Amino acid sequence: MTQQPPKTSSTEPELTGVRNFRDVGGLPTADGRRVRHGRLYRSGHLAHTTDSDAEFLSSLGLHTVIDFRNASDIKLEGPDVDLPGVRNVNMPLSDPASGSEFWGIVRGGDIAALREVLGDGKAAKRMTDAYVRIILDRTEEHGRMLNLLTEEESVPTLLHCAAGKDRAGTSIAIILLALGVERDAIMADYLASNAAHRRYRVQRADGADPSGRPAPEVMELLSPLFDARAEYLATAFDTIEAHWGSVDAYLTEGLGLTPARRERLRELFLED
């Protein structure tokens, strides 16, 4: 018998140390069903989780937290908090802003250096290229993710990366595609990461000017990295279509998701 998730409110909570948290429940599928509340969550990293945040997360009855951050992310931000009874799975994916040297430039806020690496459309191209690569190069990890989610003991599950919008965003989109969620609804959930209270906070380097907002040029240069832009996720969708021909072929041939496991995924994550 399918285990029922704990009763939780679909209202978004006020979390102090965790950004971009939300329940993915409620999104509509093409066949008229909806994603169950209390089954699948997404967020930014859990390294700065406060005691009250941890109390709330524990109340969700989570069984699994999947962390898509790499070693550099974890060194910069810290490891996830340990929640009682929750299995932490580290599944590193490509970071559009990878590299400690790059993040040193971002955190330092040197305008000349930022112009060099991000100006003249380089930042947006960096992002779209990363979305192509995360689809083409990370089929093994995404296949493993989907198989993990078909195991009842893994659910409810929280997925996150650093900001919760790129690596977690594409991974959530893949899950929703497998569930048959309408493309417009997937995009709307992805773009919800742009809300001011959800956006990633850059940790400034020692000696950087902490006063006030960053200079307008710095904000303009950084914005492609910290925005969830429709063209980014559309690039992922287009890459699936161009390389595999269809979502179904991508799921079966690319990710190894069998029809039986896909049906099991729908049983666990969709309302009856």
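Coordinate-derived values only; no laboratory data. It should be emphasised that the depicted structure is a prediction, and the values quoted were computed from it without experimental measurement. Note: ideal-geometry Cβ built from the backbone for every residue, glycine included; neighbour counts use all protein chains shown.
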(request) Determine, from the Cβ-Cβ distance of residue 242 and residue 144 and an R0 of 22 Å, the FRET efficiency 1/(1 + (r/R0)^6), rounded to the nearest 0.05. (result) 0.40
(message) Quick check for you: which residues of the range 218-232 have the amide N under 15 Å from the point 7 Å beyond the Cα of residue 129 toward its beta carbon?
(response) 225
(request) Please get the size of the charge dipole for the range 230-272, origin at its Cα centre, with Cβ charges of +1 on Lys and Arg and -1 on Asp and Glu, quoted in debye to the nearest 20. (result) 200 debye
(message) Please list, in order along the range 42-59, the HN-Hα scalar couplings obtained from phi with the Karplus expression 6.51 cos²θ - 1.76 cosθ + 1.60 (θ = phi - 60°), rounded to whole Hz, x for Gly and Pro.
(response) 9, 6, x, 4, 9, 5, 10, 4, 7, 4, 5, 4, 4, 4, 5, 4, 5, 5
(request) For a quick protection proxy, order the peptides 155-166, 62-73, 21-32, 180-191 by their average other-Cβ count within 10 Å, most packed first. (result) 155-166, 62-73, 180-191, 21-32
(message) Taking R0 as 45 Å, what FRET efficiency do you get between residue 217 and residue 272 from their Cβ-Cβ distance, rounded to the nearest 0.05?
(response) 0.25
(message) Viscosity 1.306 mPa s, temperature 10 °C: what is the translational diffusion coefficient of the range 119-182 from Stokes-Einstein with a Kirkwood Rh over Cα pairs, rounded to a whole number of µm²/s?
(response) 121 µm²/s
(message) For a protection proxy built on the mean count of beta-carbon atoms within 10 angstrom, sort 39-52, 231-244 highest first, please.
(response) 39-52, 231-244
